[in-house]
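Student: Have a look at the structure that comes next, please.
The values are calculated or read from the model by the stated rules, or taken from the named source; none is laboratory data. Computed from a predicted structure; not experimentally measured. Please note: Cβ atoms are built from the backbone with ideal geometry, for glycine as well, and neighbour counts cover all protein chains shown.
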Amino acid sequence: MIRIEHLNKAYNAPVLRDVTLHVHEGESLGIIGQSGSGKSTLARLLLGLEEPDSGTITIDGLPLKTWQRQHPGRCTAVFQDYANALNPMLPIWRSLEEPLEALRLPRDRHAIEALLASVELPAHLTRAYPHELSGGMLQRVCLARALASQPKILVLDEALSALDVSIQAQMLTLLSSLKNTREMTTIFIAHDLYATLALCNRLAFVQEGSIVSHCKTCDVHEHTHPYVKELFHAHLLS
């Protein structure tokens with residue numbers, strides 16, 4: 001479905017180096033690496049927010065930009081900074097209405113409440129403002145916004161890292177449920193091996209801008225690559 005071929009990106013210095021990665025339809029792929037390894041840059045390129053210096057990204061055989069024009073709203077994302085993702089001057093119903101309005105989808109009260117229900121939030125929160133919600137609730141609203149367009153591809157870029165452990169666990173349960181009930185290809189970008197193991201069926205490891213290894217989730221404990229062993233050891237100690 002998604003083919004990333006020989007991708008390179010530099011700012012003042014190289015950030016991504018010859019990244020090649022294939023993602024199958026319906027797969028949940030975890031992209032793991034330490035801070036500064038280039039994971040979020042890869043996410044921005046995949047979402048079309050930035051252009052690579054060289055290399056290609058295709059979806060279903062089409063160049064990324066062509067696919068996005070033909071499938072508006074079908075590749076969406078949830079980012080780490082939920083606190084600034086929503087306009088503080090707008091009530092929750094209006095923040096959820098915006099993507100529906102942009103794509104000319106039904107945006108009546110029932111549609112808005114259905115979005116909240118999809119992320120296990122009560123209907124009365126439609127009238128609330130962002131400052132009245134907890135961090136976990138805000139991230140669920142951000143997820144609901146991302147789901148509004150019924151995406152075929154969902155990118156989660158460190159979407160849980162700003163939440164405390166108990167809220168992370170609740171979000172992982174919700175994401176696992178959504179993965180099983182919606183036909184989405186999910187790309188989960190994180191430095192937290194535990195969260196990625198809980199959500200994904202295949203892992204790709206990024207070190208200093210390069211994909212150094214990949215494996216099935218069930219095989220990670222026996223993986224012999226030094227970087228994978230380092231990340232796994234750090235997870236055991238945390």
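Student: Please count how many residues of region 185-238 are of a type in the set (Lys, Arg) and surrounded by 15 or more Cβ atoms within 10 Å (Cβ to Cβ).
Tutor: So the count comes out to 1.
Student: Name the single residue, out of those in region 79-123 being assigned by TED's automatic domain parsing to the domain that holds Ser134 and of a type in the set (Ser, Thr, Tyr), that is surrounded by the fewest Cβ atoms within 10 Å (Cβ to Cβ).
Tutor: Ranking the qualifying residues of region 79-123, first place goes to Ser118.
Student: Anything in region 25-68 that is free of Cβ contacts under 8 Å to residues at least 24 places away in the same chain and farther than 20 Å from Met184 by Cβ? List them, or say none.
Tutor: Gly36, Glu51, Pro63, Lys65, Thr66
Student: Give the residue that is nearest to Met1 (Cα to Cα), with candidates limited to residues of region 124-175 that are without any contact (Cβ under 8 Å) to a residue 40 or more places away in the chain and of a type in the set (Lys, Arg).
Tutor: Of everything passing the filter in region 124-175, Arg140 is nearest to Met1 (Cα to Cα).
Student: Could I ask something else about it? Regarding region 60-67, can at least one residue be identified that is surrounded by fewer than 18 Cβ atoms within 10 Å (Cβ to Cβ) and either of a type in the set (A, V, I, L, M) or at pLDDT below 95 (or both)?
Tutor: Yes, the conditions are met somewhere in region 60-67.
Student: Sort through Lys179, Lys152 and tell me the only one that's surrounded by 18 or more Cβ atoms within 10 Å (Cβ to Cβ), at pLDDT below 90 and within 14 Å of the chain's Cα centre (by Cα).
Tutor: None of the others qualify; the one that does is Lys179.
Student: Determine, yes or no, whether Ala198 is small (Gly, Ala, Ser) and in a helix (DSSP H, G or I).
Tutor: yes
Student: Would you be able to say whether some residue in region 25-44 is buried (at least 17 other Cβ atoms within 10 Å of the Cβ), over 24 Å from His6 (Cβ atoms) and either touching a Lys or Arg at 6+ places or on another chain (Cβ under 8 Å) or not assigned by TED's automatic domain parsing to the domain that holds Leu199 (or both)?
Tutor: Taking every residue of region 25-44 in turn, at least one turns out to be buried (at least 17 other Cβ atoms within 10 Å of the Cβ), over 24 Å from His6 (Cβ atoms) and either touching a Lys or Arg at 6+ places or on another chain (Cβ under 8 Å) or not assigned by TED's automatic domain parsing to the domain that holds Leu199 (or both).
Student: Next question. State the number of residues belonging to region 210-233 that are in a helix (DSSP H, G or I) and basic (Lys, Arg).
Tutor: Looking only at that region, the number is 1.
Student: Restricting attention to region 46-59, does a residue exist that is more than 24 Å from Lys9 (Cβ to Cβ), at pLDDT 95 or above and in contact with a Leu (Cβ under 6 Å, 6 or more places away or on another chain)?
Tutor: Checked against the condition, which is being more than 24 Å from Lys9 (Cβ to Cβ), at pLDDT 95 or above and in contact with a Leu (Cβ under 6 Å, 6 or more places away or on another chain), region 46-59 yields no hits at all.
Student: Given the conditions (1) part of a loop (DSSP other than H, G, I, E, B); (2) more than 30 Å from Gln34 (Cβ to Cβ), and given that Ser161 satisfies all but one, which numbered condition is not satisfied?
Tutor: (2)
Student: Ok, one more. Taking the condition touching a residue at least 24 places away in the same chain (Cβ under 8 Å), part of a strand (DSSP E or B) and not aliphatic (A, V, I, L, M), does Thr76 pass?
Tutor: yes
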